[in-house]
């Protein structure tokens, strides 16, 4: 009898437990807070509505705002797929989770596996929703700010340091550039990328996080080295890394930057895509263009929106001095090659004050060979591209410093005429590009994109060039003996030769 009673008790317990499980409900506004170690907190929201076996709602993580398009499972274990429109593509994110007591435990599933689990708790309804949409203004032309008559040169924190950048690193970079010859070569902008941002105060003023205790003092230090300082923001409510953007605070932020002594702003589309379409991009960037002019300090305006919406056609109209033409570069030959050699059709849009930007330099970060880094520098100089170094200039080898500071190569990039080079000949992996320089000179670059050494012949007539009087190899700093209607040179695999001809 005791055994029968025990079995009955277990059965009753199972019925109660089953009832509790079936009563559990995922519905609610869930928030996971993660301290980033810099005085800021990243909040991720899961606004869920459970209807039987179906889960609907939305997800907000960093700059992304997804609507739940697919779901399976329930409180004991579920999967949800969020979807959002991002320009001309659909972006998705998949999360796996479970309800454990009063906590929602959930992790994003990426191609490389599940990410660290987040622990979310119920938050008040309405918390985490996107701010109200502000209608973009009518279009008008923002006056030219008169800056960046040659492509900007400097340094940016992202490629090497990403979210690890802090006040100490920036001061060290500025000191190195001021003393190692880079400043004399033209590298003057010391630019902070994402993750400097803290919270806004009750008046809406943005403050840096605790990695940057005094932004005005940092700017004064950089200026004291004879350099300029740049900063980063987004026209959306969130930056790429999930920090505070400038949405609805554009004029206020521009005034703050001016008061700090900022000389350059990189403005990254990121979180704005959750509110605006690409067709509204020009008007959205125009807001900050106007704000920077009104702030009363000369600030270079760098548009970072990955070449979307044909930005080169309207960048100058919003006050832009340079605009990204591609997605992010990586420190790999295939990335640099694809981006750099893909710029040929944009040459007509470059000129003094307004530059195509194929992204920052990866020279010295270790993912390419010395030959490939020279090709990187050669190609960017032929493109009249901004030369924004992204390596740790405090400890680079002499060979990397030499590549970055080759005065004759830099002079091609900084030529006052501002003409972007063009491809004039191609055969397989071999290419020749020509750039018209002020005073009648031309820069001629011979590229070997192949995996083996190749001989490239310059036939002046085939290039519609007169036979030059003189030529100089800008990497070997030597004059060339020109005889007859053509010139042949051996170029290493993934290498480049850069000539200046008269």
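Structure values in brief
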{"quantity": "Residues that are over 17 Å from residue 389 (Cβ atoms) and in a helix (DSSP H, G or I), drawn from the stretch 336-347", "calculated": "337, 338, 344, 345, 346, 347"}
{"quantity": "Subset of the stretch 305-335 [in a helix (DSSP H, G or I), in contact with a strand residue (DSSP E or B) (Cβ under 7 Å, 6 or more places away or on another chain) and touching a residue at least 60 places away in the same chain (Cβ under 8 Å)]", "calculated": "316"}
{"quantity": "Residue ID - nearest to residue 449 (Cα to Cα), chosen from residues in the stretch 330-350 that are within 17 Å of the chain's Cα centre (by Cα) and surrounded by fewer than 18 Cβ atoms within 10 Å (Cβ to Cβ)", "calculated": "338"}
{"quantity": "Neighbours by Cβ (under 8 Å, 6+ apart or cross-chain): first from the stretch 445-456, touching a residue at least 60 places away in the same chain (Cβ under 8 Å); second surrounded by fewer than 19 Cβ atoms within 10 Å (Cβ to Cβ) and not in a strand (DSSP E or B)", "calculated": "447/341; 449/337; 449/341; 449/429"}
{"quantity": "Candidates 445, 451, 411, 464 - the one that is modelled with pLDDT of 95 or more, out of contact with any helix residue (DSSP H, G or I) (no Cβ under 8 Å at 6 or more places or on another chain) and farther than 21 Å from residue 352 by Cα", "calculated": "451"}
{"quantity": "Residue that is nearest to residue 236 (Cα to Cα) [pool: residues in the stretch 108-130 that are within 24 Å of the chain's Cα centre (by Cα) and in a loop (DSSP other than H, G, I, E, B)]", "calculated": "130"}
{"quantity": "Filter result (in a loop (DSSP other than H, G, I, E, B) and over 30 Å from residue 212 (Cβ atoms)) within the stretch 20-73", "calculated": "24, 25, 26, 27, 52, 53"}
{"quantity": "Given (1) more than 30 Å from the chain's Cα centre (by Cα); (2) crowded, with 18+ Cβ neighbours inside 10 Å, index of the condition residue 435 fails", "calculated": "(1)"}
{"quantity": "Residues of the stretch 258-283 that turn out to be crowded, with 24+ Cβ neighbours inside 10 Å, assigned to a helix (DSSP H, G or I) and out of contact with any strand residue (DSSP E or B) (no Cβ under 6 Å at 6 or more places or on another chain), as a count", "calculated": "3"}
{"quantity": "The stretch 74-96 - residue that is in a strand (DSSP E or B) and more than 30 Å from the chain's Cα centre (by Cα) and, of those, surrounded by the most Cβ atoms within 10 Å (Cβ to Cβ)", "calculated": "78"}
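Residues are listed down the side, and each one gets a yes or a no for (1) crowded, with 24+ Cβ neighbours inside 10 Å; (2) without any contact (Cβ under 8 Å) to a residue 12 or more places away in the chain; (3) out of contact with any strand residue (DSSP E or B) (no Cβ under 8 Å at 6 or more places or on another chain):
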site: 364; (1), (2), (3): yes, no, no
site: 367; (1), (2), (3): no, no, yes
site: 383; (1), (2), (3): yes, no, no
site: 392; (1), (2), (3): no, no, yes
site: 406; (1), (2), (3): no, no, yes
site: 409; (1), (2), (3): yes, no, no
site: 429; (1), (2), (3): no, no, no
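The values are calculated or read from the model by the stated rules, or taken from the named source; none is laboratory data. It should be emphasised that the depicted structure is a prediction, and the values quoted were computed from it without experimental measurement. So basically every Cβ, Gly included, is an ideal-geometry build from the backbone, and we count neighbours across all protein chains shown.
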